[in-house]
Ligand code: ADP
Ligand code: F6P
């Protein structure tokens, strides 16, 4: 039987995501209930290397569940990408009596967690990213809030776009993944949705559609463009020149990553955070908590990082069908 861990750490890494605070709260409260001490590691792996480590009590995570962002702050840390940085991180954990860490972040953060696990620090990953691009999990903390924020913003752009009888290209986040774009494509009834996984660069097709839509009497033309494709401003310029329809680009940007987490994000984050603390208490390491096929499960980190996921083709086809 694995030795019972006495002290764990928790950190948030990579881009922040609404619901991360609920996950931190769940890790802390579950661990304390299981008889473990908890330390908060500030600013992801950067804070670990700087030994920015604080004790967390149950009251430390009071009144945070409804706040966006992360109370532990987050960072991207190049130094931790090196074997020396990882060795130093493991050494600092040992110095502070941290035997296990919950890493809340995306794939990059899990790569770091895998390195720490190989160096003897038990690690459990929790998928926290608005991008939904963690292949082993059907859900990632922050996605629901981000798509709802983007959807509401796009509704507003649509009002003004319709009033001026313009075309609008609205760029949403997602890094190389098109999940936010696809969901907004559905939810906002966009005339076109451009996904990095599918877009072939055929702007003429967009132009033809705008011209055809105008002939049919459509007053607006919303194109959701994913960040992974980008170039929304120059695209707007070319489309306006080719169609004669006034065209504006709106890049939603970081507003999609902030704000009060939705109920769904709070609940998934709470369960995933609690499961991560439970796994550490059971002596498990090098695992990622995931939500897969309606169940909360966990996977080996390296196996999880090998997995692939793609935009479901049927969903993409239906999304396009609904505006034709
Ligand atoms: P995300 O976790 O959202 O995918 P990043 O890819 O930016 O975000 O990764 C967050 C951090 O995780 C990086 O800044 C770095 O500190 C760490 N990290 C990423 N890749 C690795 C790696 N291959 N080895 C060790 N640490 C890594
Ligand atoms: O991973 C979350 C995310 O918001 C991506 O959608 C985006 O590509 C990236 O982070 C932006 O990162 P930064 O905040 O460093 O500009």
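Here are some notes:
- Ranked 250, 160, 145, criterion: other C-beta atoms within 10 Å, fewest first: 160, 250, 145
- Packing-based order for 209-219, 186-196, using average beta carbon neighbours within 10 Å, highest first: 186-196, 209-219
- Pairs of Cα atoms nearer than 8 Å and 6+ residues apart set the relative contact order; for region 146-257 it is 40 percent.
- Computed from the C-beta positions of residue 231 and residue 84, the FRET efficiency with R₀ = 35 Å rounds to 0.35.
- Modelled this way, with points 7 Å down the Cα-to-C-beta line, the labels at residue 324 and residue 251 are 3.2 nm from one another.
- The distance linking region 278-324 with region 218-242 is 31 Å (Cα centroid to Cα centroid, whole angstrom).
- Peptides 30-38, 82-90 ordered by average Cβ neighbours within 10 Å, highest first: 30-38, 82-90
- Residues 298, 155 arranged by fewest to most Cβ contacts within 10 Å: 155, 298
- The C-alpha atoms of the chain define a longest principal axis, and helix 263-281 lies at about 30 degrees to it.
- Mean residue ellipticity (222 nm) of the chain, computed from DSSP H runs ≥ 4 via -39,500 (n - 2.57), nearest 500: -13000 deg cm²/dmol
- Principal axis dimensions, largest first and in whole angstrom, of the chain by Cα: 71, 37, 35
- Antiparallel content of DSSP bridges confined to the chain, in %, to 5: 25
- Counting every other Cβ atom within 10 Å of each residue's Cβ, 220, 231, 254 order from fewest to most as 254, 231, 220.
- Between region 39-80 and region 251-266, the alpha-carbon center distance in angstrom: 19
- Principal-axis analysis of the Cα atoms of the chain puts helix 143-163 at an angle of about 20° to the longest axis.
- Tilt relative to the chain, helix 83-95 - C-alpha long axis, 0 to 90 degrees, to 10: 50
- Here each label is just a point 7 Å from Cα along the line to Cβ, and for residue 176 and residue 91 those points are 3.3 nm apart.
- The DSSP beta bridges internal to region 146-257 are antiparallel in roughly 0% of cases.
- Here the spin labels are modelled as points 7 Å beyond Cα on the Cα-Cβ line, and at residue 33 and residue 303 they lie 2.7 nm apart.
- Structural descriptor for the chain: relative contact order 24 percent, calculated from alpha carbon pairs under 8 angstrom and at least 6 residues apart.
- Size-normalised alpha-carbon gyration radius of region 258-324, reference 2.2 N^0.38 Å: 1.51
- With R₀ set to 25 Å, the beta-carbon distance separating residue 317 from residue 211 gives a calculated FRET efficiency near 0.60.
- Expressed as a fraction of 2.2 N^0.38 Å, the C-alpha radius of gyration for region 146-257 is 0.96.
- Gyration tensor verdict on region 180-313 (Cα atoms; rounded if a/c is under 1.5, prolate if a/b is larger than b/c, oblate otherwise): prolate
Just so you know, all these numbers are worked out from the coordinates, no wet-lab data involved. All values derive from a computational prediction rather than experimental measurement. Quick reminder, even Gly has a Cβ in these numbers, built from the backbone with ideal geometry, and neighbours come from all protein chains shown.
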